[in-house]
Amino acid sequence: MAAKEINYKNKTVKLSYEIVNPSKDEAILILHGWGSNKEIMKQAFGKMLGEYKHIYLDMPGFGASTNEMILTTKDYAKIVTLFLELLNVKPTLAMGHSFGGKVATLLNTKYLALLSSAGVVTEKPWSIKVKIATFKLLKPLGFKKIRELFVAPDAQGMSHEMYETFKNVVDEDFENEFSKSESTALCFWGIDDTATPLYTGERISELIEKSKFYPLEGDHFFFLKHAEFITTELEKALKKG
């Protein structure tokens, strides 16, 4: 495990990362989802794709990486780009799970692998709409405990900066960014995913001109069970050049 310091908007971000197969020339970047870290991605793919250098990164504010700024998805992509420049690496493939899929899309690599990517706005259940309306009503009254009652599970325990970042990215419409992608994309999805439902994956695959869609058994973390299949399909695509 290693770390690099990136200067971004007059702030220093310490990024924790790990490289697997460091002697290989061609590289792939693998990004985790919101609230996760590089370890779960390494668990799935660390022993796969042996002909490629793997770069596993804790994005700012996750795992062992720091963050003291309010960020957007585009900020994350810029920070990751600065990190790759510091390593002097241009990945052939960027792979991203959930939130990491949006960041990976912005990197404009030749190949893109999306694992139940976020980015298509979904209809909120009525119960969530009621919570949001109630929170907005009570917020001006200054009850600090109200936030604890209504904050999303993915946002609990966050710093102020990360909570504001979460609000920036959680319901972000990324359809325009997907439609502009020139990457050759392989979109893998969990059929029973409730966080980023199957239809959102189908929509993303429609938006990216050069893409193929793979529905697979499982939930939002389906890739832990299907790493071998995903790897096989990626190898086929990468070998075609």
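The values are calculated or read from the model by the stated rules, or taken from the named source; none is laboratory data. Source: prediction; values computed, not measured. FYI the Cβ positions are ideal-geometry reconstructions off the backbone, even for glycines, and counts take in every protein chain you see.
A few points about this structure:
- Here is the figure for the range 155-213: residues that are in contact with a helix residue (DSSP H, G or I) (Cβ under 8 Å, 6 or more places away or on another chain), among the hydroxyl-bearing types (Ser, Thr, Tyr) and within 18 Å of residue 33 (Cα to Cα) total 1.
- On the stretch given as the range 51-90, residues that are within 22 Å of residue 21 (Cα to Cα), among the aliphatic types (A, V, I, L, M) and in a helix (DSSP H, G or I) total 5.
- One residue from 47, 24 being free of Cβ contacts under 8 Å to residues at least 24 places away in the same chain, more than 30 Å from residue 164 (Cβ to Cβ), assigned by TED's automatic domain parsing to the domain that holds residue 93 and surrounded by fewer than 20 Cβ atoms within 10 Å (Cβ to Cβ): 47
- Here residue 115 fits the description: on the phi < 0 side of the Ramachandran plot and touching a Cys at 6+ places or on another chain (Cβ under 9 Å).
- Evaluation of residue 190 against (1) in contact with a Phe, Trp or Tyr (Cβ under 7 Å, 6 or more places away or on another chain); (2) more than 21 Å from residue 109 (Cα to Cα); (3) surrounded by fewer than 19 Cβ atoms within 10 Å (Cβ to Cβ) (one fails), failing number: (3)
- Test: residue in the range 9-18 that is closer than 19 Å to residue 117 by Cβ and among the hydroxyl-bearing types (Ser, Thr, Tyr): no
- Scanning the range 32-50 for residues that are outside any helix (DSSP H, G or I) and more than 14 Å from residue 101 (Cα to Cα) yields a total of 5.
- Filter pass, residue 70 being over 21 Å from residue 196 (Cβ atoms), aliphatic (A, V, I, L, M), assigned by TED's automatic domain parsing to the domain that holds residue 17 and buried (at least 23 other Cβ atoms within 10 Å of the Cβ): no
- Subset of the range 193-216 that is of a type in the set (A, V, I, L, M) and outside any helix (DSSP H, G or I) - its residue that is surrounded by the fewest Cβ atoms within 10 Å (Cβ to Cβ): 195
- Residue in the range 78-86 that is over 16 Å from residue 5 (Cβ atoms) and surrounded by 15 or more Cβ atoms within 10 Å (Cβ to Cβ) present: no
- Checked against (1) touching a helix residue (DSSP H, G or I) at 6+ places or on another chain (Cβ under 9 Å); (2) closer than 23 Å to residue 30 by Cβ; (3) of a type outside the set (A, V, I, L, M, F, W, C), residue 228 passes all but a single condition, namely (1).
- Pick from the range 5-30, criterion in contact with a Phe, Trp or Tyr (Cβ under 8 Å, 6 or more places away or on another chain) and within 23 Å of residue 169 (Cβ to Cβ), ranking: modelled with the lowest pLDDT: 6
- Taking the listed residues 96, 61, the one that is touching a helix residue (DSSP H, G or I) at 6+ places or on another chain (Cβ under 9 Å), modelled with pLDDT of 95 or more, over 26 Å from residue 182 (Cβ atoms) and crowded, with 16+ Cβ neighbours inside 10 Å is 61, with no other qualifying.
- A Cβ distance below 9 Å, combined with a sequence gap of six or more or placement on separate chains, defines the contacts here; from the range 158-173, residues that are polar (S, T, N, Q) reach residues that are assigned to a loop (DSSP other than H, G, I, E, B) and at pLDDT below 90 in the pairs 165/158.
- Condition met for residue 219 (outside any helix (DSSP H, G or I), touching a strand residue (DSSP E or B) at 6+ places or on another chain (Cβ under 7 Å) and closer than 22 Å to residue 36 by Cα): yes
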